[in-house]
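*Asks:* I have a structure I would like to understand better, so I am pasting it below and will then ask my questions one at a time.
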Amino acid sequence: MAAHSAQFEIRAAVSDDLDLVHASKDGNVAAFEQLVKRYDRKLLRIAQSVTHNKEDSQDAVQEAFLKAYQNLSEFREASQFSTWLIRITVNQSLMKLRKQRTAKEVSLDEDFQSDEDVLPLEVADRAPSPEQIYGTSELRNTLMRALEGLRPILRTVFVLRDVEGLSIHQTAEVLNVSQTAVKARLWRARLQLRERLKQYFSGQTESAAAGSWPGRFAGEELRAQELA
């Protein structure tokens, strides 16, 4: 029942988006302002996760909305409007990051083919997964610091899929890569984050023995894994 309700809400949101897009194409500025209000916070979170710079993130989002408005005629409705908008935002964010680092690695056009044949493996771990940690406000800052150490493209895949909740298909559309490449990058991002977070959780051993909250959290995860 809940699943059907969620699917209905998604379809309704997509339909509503298209109504606003059509109105915007007809010159209704107020309709586009509604789209801005609907997605500005989400896009700012994504931009911030890419650039790690507040001003650059704000600029990237503003530029993304402007670019989207100026190029609405190019949106062919083959994908969701939100996916199209997120792709523009990610591109603008990576441009900002490129200016910061002047590094070749921050391009969405980097060769993903080397990941096509990589089969994600199950990685046994006693600590909560990175995506679970993000959902816990007390540990979120720890994960965000760990995210900063990942390559931009790995960080972007993780944020789109595990933080913002995009599907594998949508993430592939945003990044213009195959779903296999997304899965491989996501696996690498999660694996590297687990390694970076091990030090944090190993430091919680004494707290766990004393029955503190972080220790109970890790213990609950362990029991859940054993019961799975």
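*Asks:* For region 169-214, what are the residues that are modelled with pLDDT under 70 and on the phi > 0 side of the Ramachandran plot?
*Replies:* GLY211
*Asks:* Determine which member of the set ALA31, ALA47 is farther than 20 Å from VAL159 by Cα and of a type in the set (Gly, Ala, Ser).
*Replies:* Details: ALA47 fails: farther than 20 Å from VAL159 by Cα.
Among ALA31, ALA47, only ALA31 is farther than 20 Å from VAL159 by Cα and of a type in the set (Gly, Ala, Ser).
*Asks:* Out of (1) under 28 Å from LEU35 (Cβ atoms); (2) part of a helix (DSSP H, G or I); (3) among the hydrophobic types (A, V, I, L, M, F, W, C); (4) modelled with pLDDT under 85, what's the single condition that is false for VAL106?
*Replies:* (2) is the only condition that VAL106 fails.
*Asks:* Related question: Do any helices (runs of 4 or more DSSP H) entirely within region 1-96 hold 3 or more residues that are among the β-branched types (Val, Ile, Thr) and either crowded, with 17+ Cβ neighbours inside 10 Å or modelled with pLDDT under 95 (or both), and if so, which? Give the steps one after another, and end with the answer.
*Replies:* Numbers: elements: 2-25, 29-51, 54-70.
Of the helices (runs of 4 or more DSSP H) lying wholly inside region 1-96, those with at least 3 residues that are among the β-branched types (Val, Ile, Thr) and either crowded, with 17+ Cβ neighbours inside 10 Å or modelled with pLDDT under 95 (or both) span 2-25, 29-51.
*Asks:* Is there any pair linking a residue in region 52-74 that is outside the structural domain of ARG155 (by TED's automatic domain parsing) to one that is among the charged types (D, E, K, R), with Cβ under 7 Å and at least six apart or on different chains, and which?
*Replies:* HIS52/GLU148; ASP56/LYS96; ASP59/LYS96; ALA60/LYS96; VAL61/ASP40; LEU72/LYS25; SER73/LYS25
The values are calculated or read from the model by the stated rules, or taken from the named source; none is laboratory data. As the structure is a prediction and not an experimental result, all values here were calculated from the model. All Cβ positions, even for glycine, are placed from backbone atoms using ideal geometry, and neighbour counts span all protein chains on display.
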